[in-house]
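A short worksheet on the structure shown next.
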């Protein structure tokens with residue numbers, strides 16, 4: 001059956017996802033349109049195509065043990081000079097993301113995976129582009145904010161064309177989203 005490249009992530013919902021994807025493309029990141037806006041739980045990982053059913057079963061178990069939680073993005077950060085990435089920060093929901101990614105990569109599961117760098121939940125808005133464009137992304141999104149109730153995650157496969165496509169969504173076992181004081185779903189870009 002051959003190998004496939006998979007990833008697991010929390011999608012940034014609309015309208016925020018498309019907005020950040022368009023901005024990423026506008027900064028000159030050629031990969032922007034092939035990568036849905038997301039918070040990574042499992043980075044690109046090669047698995048045997050015959051193991052996908054086991055991967056899906058494992059992700060179903062992880063989702064069943066999870067509960068909805070509030071996610072909030074605010075401001076920017078960067079991994080430069082270590083890695084050429086500018087991102088929007090996850091300021092609420094980071095602990096839950098860290099717990100989820102650890103469960104997904106569990107050594108006893110079908111996708112045990114060591115990470116190249118310590119896990120840091122984020123939403124990439126510029127990757128591998130020139131420094132001036134990276135600086136512009138960092139500045140222009142410094143006041144960005146968005147929040148939503150996170151109710152699950154999804155499994156994606158990268159096609160031969162480099163585009164990531166959703167294979168399946170996994171909803172958390174809990175049905176109640178925790179109340180959020182003054183919660184308003186929003187996504188804004190401030191000008192500096």
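Coordinate-derived values only; no laboratory data. It should be emphasised that the depicted structure is a prediction, and the values quoted were computed from it without experimental measurement. Heads up, the Cβs are rebuilt from the backbone with ideal geometry, glycines too, and the neighbour counts pull from every protein chain shown.
Listed by Cβ neighbour count within 10 Å, with the fewest neighbours leading, 99, 164, 148 appear as 99, 164, 148. Between rounded, prolate and oblate, where does the chain land on the alpha carbon gyration tensor, with a ≥ b ≥ c its root eigenvalues, rounded for a/c under 1.5, else prolate if a/b exceeds b/c? In terms of gyration-tensor shape, oblate.
Counting neighbouring Cβ atoms within 10 Å and putting the fewest first, the residues 167, 82, 20, 59 line up as 82, 167, 20, 59. Here the extension length gained between residue 131 and residue 46 equals 27.6 nm, from 0.36 nm per residue of separation less the Cα-Cα distance. Dividing the mean sequence gap of close Cα pairs (under 8 Å, 6+ apart) by how many residues the stretch 3-172 holds gives a relative contact order of 32 percent. Using a Förster distance of 35 angstrom, determine the FRET efficiency expected from the C-beta separation of residue 102 and residue 30, and round it to 0.05. With R0 = 35 Å, the Cβ-Cβ based efficiency is 0.65. Taking every DSSP helix (H) stretch of at least 4 residues in the chain, weighting each as -39,500 (n - 2.57) and dividing the sum by the residue count yields a mean residue ellipticity at 222 nm of -7500 deg cm²/dmol.
Shape class of the stretch 21-134 from the alpha-carbon gyration tensor: prolate, with a/c at 1.5 or above and a/b greater than b/c. Based on Cα contacts under 8 Å between residues 6+ apart, the stretch 9-70 shows a relative contact order of 33 percent. For the pair residue 5 and residue 92, the difference between a 0.36 nm per residue extended length and the Cα-Cα distance amounts to 28.4 nm.
Averaging the Cα positions of each part gives two centres, and for the stretch 123-153 and the stretch 7-61 these lie 15 Å apart.
Counting other Cβ atoms within 10 Å as a rough exposure proxy, the listed residues 3, 78 run 3, 78 from fewest neighbours to most.
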